[in-house]
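Quick notes on the structure that follows.
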C-alpha cells in the first residue's frame, strides 16, 4: 500500500472507535487518547468521524507499520476533536457510509470545534471531580 492520504471521512460508532483505540495502544502509537479515558467520556450511542490528516512514519521504530494520524471528532453532548493513529489497512476496512455533502459538513465542522484538551480544561473548571486529563 502506498502512502497516499485518502481525502475522505469515515463514520464509526463508539464500539468501533474503542476498538481502534485499543489497536493503537497495542502498537504503541503515540497520538492516541487512552482507552479508559475514551470509555469514560464518549457518548455511548454517538457517531464519531475519522478524517486522515497526515502520514506518520516512525523511523526510530521500523517494525511499526505505516500509520495515518486521524483527526477525530467525538460526540459527548458536543463535538470535540483529537488525534488517533489508525493503520491504513484498518481505515480501509471501515465502510464508506457518508455522502459527499455530509463529508464536507463534517470537515467544515472540525475546523470550528474545540480540541480534547480545551474540552477537558473547560470541564475541569466546572466539574473538577469528574475530569482527568487524557
Checklist outcome for this item: Filter region 1-56 for residues that are free of Cβ contacts under 8 Å to residues at least 12 places away in the same chain and touching a strand residue (DSSP E or B) at 6+ places or on another chain (Cβ under 9 Å); the one that is farthest from residue 115 (Cα to Cα) is 4
Item to check | Scan of region 35-59 for residues that are farther than 11 Å from residue 72 by Cα and in contact with a helix residue (DSSP H, G or I) (Cβ under 8 Å, 6 or more places away or on another chain), ordered by number | outcome: 35, 38, 39, 42, 43, 44, 45, 46
Checklist entry - Looking at 78, 89, 96, 63, which is the one that is more than 16 Å from residue 32 (Cβ to Cβ), surrounded by fewer than 16 Cβ atoms within 10 Å (Cβ to Cβ) and either under 13 Å from the mean Cα position of the chain (by Cα) or modelled with pLDDT under 80 (or both)? => result 63
Checklist outcome for this item: Checking 57, 26 in turn, the sole residue that is modelled with pLDDT of 90 or more, surrounded by fewer than 17 Cβ atoms within 10 Å (Cβ to Cβ) and over 13 Å from the mean Cα position of the chain (by Cα) turns out to be 26
Checklist entry - Which of the residues that make up region 106-122 are closer than 14 Å to residue 71 by Cβ, assigned to a helix (DSSP H, G or I) and touching a residue at least 40 places away in the same chain (Cβ under 8 Å)? => result 106, 107, 110, 116
Next on the checklist: For the structure I just gave you, tell me whether residue 71 is surrounded by 18 or more Cβ atoms within 10 Å (Cβ to Cβ) and modelled with pLDDT under 80.
Outcome noted: yes
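The values are calculated or read from the model by the stated rules, or taken from the named source; none is laboratory data. Values in this document were obtained by computation on a predicted structure and should not be read as measured data. Here Cβ is always computed from backbone atoms with ideal geometry, including for glycine, and neighbour counts include all displayed protein chains.
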